[in-house]
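First comes the structure, then the notes that go with it.
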Amino acid sequence: MRKKLCKGLIIGWLTAILFTPFATLAEQEVDQQLVALLKATIAQADSFEDRFDAEVWLMAKSSQLEKFIPDSRERLELLRKIHLAATRAGLSPEIVLAVIQIESRFDPYAVSRAGAQGLMQVMPFWKREIGREEDNLIHVDTNLRYGCTILKYYLDMEDGDLTPALARYNGSYGKTWYSELVLVAWDNWR
């Protein structure tokens, strides 16, 4: 019995010694890839005031977004685009993240029963209204531009009051259920 226990401990110890360097090496490679990716994303993050702010924001939001988008490259690229579109429109990037979470759960190909498309679930009639029928609302940049502009318009219309502005965005003006969902999600993104 004692011999078997010793033999088992030795095998376990040798296994740990043999495979630990490989695991550590793999973790270092992943970390280095993430570092390189983060640096590239930050270099393109022209909507941030400085690179430190970009790094802090992108890392914090990337970890939150991981449950929706497992691929780190895809996550960081989307976060950069969301931050850019939101700040250009004069919105908090976190409220845009909350709207996207509720509207599409970060699925850029989402289409609702009513026909709303993309991350921010923009209705196609807007393309006709502005004379840009060729725009593709599934395209992330286009969808974010439309969605952020529409949300900012409604927010200005409601003098900065998010509850009615969000209800207008969703087409549920006069009701609060949608706004409440987004505001709860917003608390998690701040």
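Values quoted throughout were computed directly from the atomic coordinates according to the rules given, and no laboratory measurement underlies them. Not measured: the values here are computed from a predicted model. Here the Cβ positions follow ideal geometry from the backbone for every residue, glycine too, while neighbour counts run over all protein chains shown.
Structure notes:
- Residues Thr176 and Glu133, FRET efficiency given R0 of 45 Å [Cβ-Cβ distance, rounded to 0.05]: 0.85
- Of the GluC sites (Glu not before Pro) in region 99-190, those whose Cβ has at most 12 other Cβ within 10 Å and which sit in DSSP loop: Glu133, Glu134
- In region 123-185, trypsin sites (Lys or Arg not before Pro) in a DSSP loop with at most 15 other beta-carbon atoms within 10 Å: Arg132, Lys175
- Given Lys61/Lys152; Lys81/Lys127; Lys61/Lys175; Lys127/Lys152, the pairs whose alpha carbons are separated by over 25 Å: Lys61/Lys175
- At 0.890 mPa s and 25 °C, Stokes D of region 81-189 from Kirkwood alpha-carbon radius, µm² per second: 180
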